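Visitor: The structure follows.
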Amino acid sequence: MLGWLMLGWLMLGDGFRWSGSVGTMSPDDMLQTVRAGTAFFENQLDAVSNEQLSGESLLPTWTRSHVAAHVGYNALAIARLVSWAETGIETPMYDSRQARETEIDTAAGWAPDTLRTLCSHSGMLLDSAWSHLPDDSWAWQVQTGQGRLVPASETIWMRTREVWLHAVDLNATATYGDIPAEVLDRVLRDVVGLWATRGEMAGLRLESVEGHIYGDRDAPDPHIVTGELPVLTQWACGRAGAATTSNRTESPTAPRWL
Ligand code: ZN
């Protein structure tokens, strides 16, 4: 295991590091963080009774079962990318956006035990796929659901953000304050990066009370949204309920992320 980690580090250099304003995360830490996130998600799912599964999640139109179905199938989709890197045979995450939505809707209607088994087994399958990926396959380029080409090593982060954020979306007991600061920091950088790519939220700057700055640094008269890192991240991901302050009369509504 350490072999590929070191090789991945050397091959990918700084691109493989999380060099953010909140510390730096090594590849070894990344695997630990995704495993902790998987355990966190499982824990939250365990905290939801079978009866509560049909109740509202924190995502509009999705029940808790939809969130669980999505996270379960997401592990299988990411495992397809790991398989792609291992075999060189192109296996996309999903056949289509419609196919992805159909499988979520279908599994959301399954018996609770079946849905829980999907989540636990798919998580184990993905972890096993990472554990068995040869050292020289981690730099293999695979394609994300949004069409971006990334090295297979990126699949660890792709899964990390899913399990940590959707654990809170289950609307059980967790909050963004339970998510590690390194994960929140990278999520925020991903979110503002996506806004910049799409030309959204121009002139917006996020300032965490911990002293970190994200977003448009060059705007002459920026709209500044401020909050603690967990609150700011929750707001930036388009989740309701976050309390941020702003130098304008109102904070804008951020689009949903993930
Ligand atoms: Zn998701």
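Visitor: Of the residues Val163, Val168, only one is closer than 21 Å to Asp127 by Cα and either assigned by TED's automatic domain parsing to the domain that holds Ala47 or within 16 Å of the ligand (Cβ to nearest atom) (or both); which?
Guide: Answer to the check: Val163.
Visitor: Quick one: is Glu210 open to solvent by 60 Å² or more (accessible area, probe 1.4 Å), in a loop (DSSP other than H, G, I, E, B) and either closer than 26 Å to Phe40 by Cα or in the same structural domain as Arg148 (by TED's automatic domain parsing) (or both)?
Guide: Against the criterion (open to solvent by 60 Å² or more (accessible area, probe 1.4 Å), in a loop (DSSP other than H, G, I, E, B) and either closer than 26 Å to Phe40 by Cα or in the same structural domain as Arg148 (by TED's automatic domain parsing) (or both)), Glu210 qualifies.
Visitor: I need a count of the residues in the range 140-198 that are open to solvent by 30 Å² or more (accessible area, probe 1.4 Å), hydrophobic (A, V, I, L, M, F, W, C) and more than 19 Å from Ala69 (Cα to Cα).
Guide: The total comes to 5.
Visitor: Take Leu45 and decide whether it is open to solvent by 50 Å² or more (accessible area, probe 1.4 Å), within 16 Å of the ligand (Cβ to nearest atom), hydrophobic (A, V, I, L, M, F, W, C) and modelled with pLDDT of 55 or more.
Guide: Here the answer is no, as Leu45 does not meet what is asked.
Visitor: Right, something else. Counting only residues that are more than 17 Å from the chain's Cα centre (by Cα) and of a type in the set (Val, Ile, Thr), which one in the range 48-81 is modelled with the lowest pLDDT?
Guide: Thr61
Visitor: Considering only residues of the range 153-206 that are assigned to a helix (DSSP H, G or I) and of a type in the set (Ser, Thr, Tyr), which is nearest to the chain's Cα centre (by Cα)?
Guide: Thr160
Visitor: Please work out if Val225 is touching a Ser or Thr at 6+ places or on another chain (Cβ under 7 Å), open to solvent by less than 10 Å² (accessible area, probe 1.4 Å), part of a strand (DSSP E or B) and among the aliphatic types (A, V, I, L, M).
Guide: Judged against the criteria, Val225 is a match.
Visitor: When residues of the range 56-115 are filtered for being assigned to a loop (DSSP other than H, G, I, E, B), open to solvent by 60 Å² or more (accessible area, probe 1.4 Å) and within 15 Å of the ligand (Cβ to nearest atom), how many remain?
Guide: 3
Visitor: Quick check: anything in the range 185-196 away from the ligand (no atom under 16 Å from the Cβ), assigned by TED's automatic domain parsing to the domain that holds Thr61, free of Cβ contacts under 8 Å to residues at least 40 places away in the same chain and farther than 30 Å from Gly55 by Cβ?
Guide: no
The values are calculated or read from the model by the stated rules, or taken from the named source; none is laboratory data. All figures in this text were calculated on a predicted structure; none of them were measured in a lab. Cβ: placed from backbone, ideal geometry, glycine included. Neighbour counts: every protein chain shown. The protein model used for the area step is the full one, side chains on, heavy atoms only, and it has no ligands, DNA or RNA in it. Shrake-Rupley method; radii C 1.70, N 1.55, O 1.52, S 1.80 Å.
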